[in-house]
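Trainee: Following this message is one structure expressed as structure tokens.
The values are calculated or read from the model by the stated rules, or taken from the named source; none is laboratory data. It should be emphasised that the depicted structure is a prediction, and the values quoted were computed from it without experimental measurement. Methodologically, a virtual Cβ is constructed for each residue, glycine included, from the backbone with ideal geometry; neighbour enumeration extends over all protein chains shown. Ligands, DNA and RNA are excluded from the accessible area calculation, which covers all protein heavy atoms including side chains. Shrake-Rupley method; radii C 1.70, N 1.55, O 1.52, S 1.80 Å.
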Amino acid sequence: MDKIKNALIIIAIYVALGIVLMIFIVKFQSDLGRQKAIEAQEKVIAHISALQPNIQEGKKKTYYNVYYEYSDENGMHYSGVILVLTTDEEYAKSLIGNEVEIYIDGKGNSILVSEVENFDVNRHKNWCIIIGAIIAAYTVVWIALVIRSNIISVPKNRSRKEKTK
């Protein structure tokens, strides 16, 4: 019974680490697209089109995310999120319809011009490397424990005499 419990714990840890790794891979892929938009240097005007409350657990204040949208002449749609550091819902609503400058790449990737200065394309890549290293180290430790303590029993080969009986 303990072997099953240990195996389930090991699997749960792998699943959790795998999910976290996948989240950072997706974020890194998004960052690569944003980097392409910066490199293209095609600046356009987008419009703020919607808002959504950003409710944070345990905090009494609600901040608002506002969304921008832009469609180019080829029908390619661009959108993104702007964190508005305000708790005033009326102010956040008043931003709808305002214009913001964005860079686009012609393939659906965009970034606010105001975010370019602080943008780091490697931020999520570094987390992918760290989590991948943790998974690799965890695997090595797990294999060493299996070999050392026989957590998983490997059937031994029977001799030829036993097979013929």
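Trainee: Under the condition of being of a type outside the set (S, T, N, Q) and in contact (Cβ under 8 Å) with a residue 12 or more places away in the chain, which residue from the stretch 4-14 is farthest from A136 (Cα to Cα)?
Mentor: So the first thing to find is which residues in the stretch 4-14 are of a type outside the set (S, T, N, Q), and the list is 4-5, 7-14.
This time we only want the ones that are in contact (Cβ under 8 Å) with a residue 12 or more places away in the chain, so: 7, 10, 13-14.
Numbers: A7: 17, I10: 13, I13: 12, Y14: 10 Å.
Filtering the stretch 4-14 for residues that are of a type outside the set (S, T, N, Q) and in contact (Cβ under 8 Å) with a residue 12 or more places away in the chain, the one farthest from A136 (Cα to Cα) comes out as A7.
Trainee: To continue, here is another question. Give the stretch 71-91 a look and list any residue that's under 20 Å from I45 (Cβ atoms), open to solvent by less than 50 Å² (accessible area, probe 1.4 Å) and over 23 Å from the mean Cα position of the chain (by Cα), or say none.
Mentor: Hit for the stretch 71-91 is D72, nothing else.
Trainee: Got at least one residue in the stretch 29-40 being assigned to a loop (DSSP other than H, G, I, E, B), at pLDDT 85 or above and not β-branched (V, I, T)?
Mentor: Looking only at the stretch 29-40, we keep the residues that are assigned to a loop (DSSP other than H, G, I, E, B), and these are none.
No, the stretch 29-40 has no match at all.
Trainee: Scan the stretch 15-41 and report the pairs whose first residue is farther than 17 Å from I129 by Cβ and whose second residue is among the hydroxyl-bearing types (S, T, Y) and surrounded by 15 or more Cβ atoms within 10 Å (Cβ to Cβ), with Cβ atoms within less than 7 Å and a gap of 6+ or a chain change.
Mentor: Cβ pairs passing all conditions: A37/Y103; A37/S110; I38/Y103; A40/Y103; Q41/Y103.
Trainee: Still on this structure, please answer the following. Could you please find all residues in the stretch 42-67 being touching a Phe, Trp or Tyr at 6+ places or on another chain (Cβ under 8 Å) and free of Cβ contacts under 8 Å to residues at least 60 places away in the same chain? Steps first, please.
Mentor: First, the residues of the stretch 42-67 that are touching a Phe, Trp or Tyr at 6+ places or on another chain (Cβ under 8 Å): 42-54, 56.
Matches in the stretch 42-67: I45, H47, I48, S49, A50, L51, Q52, P53, N54, Q56.
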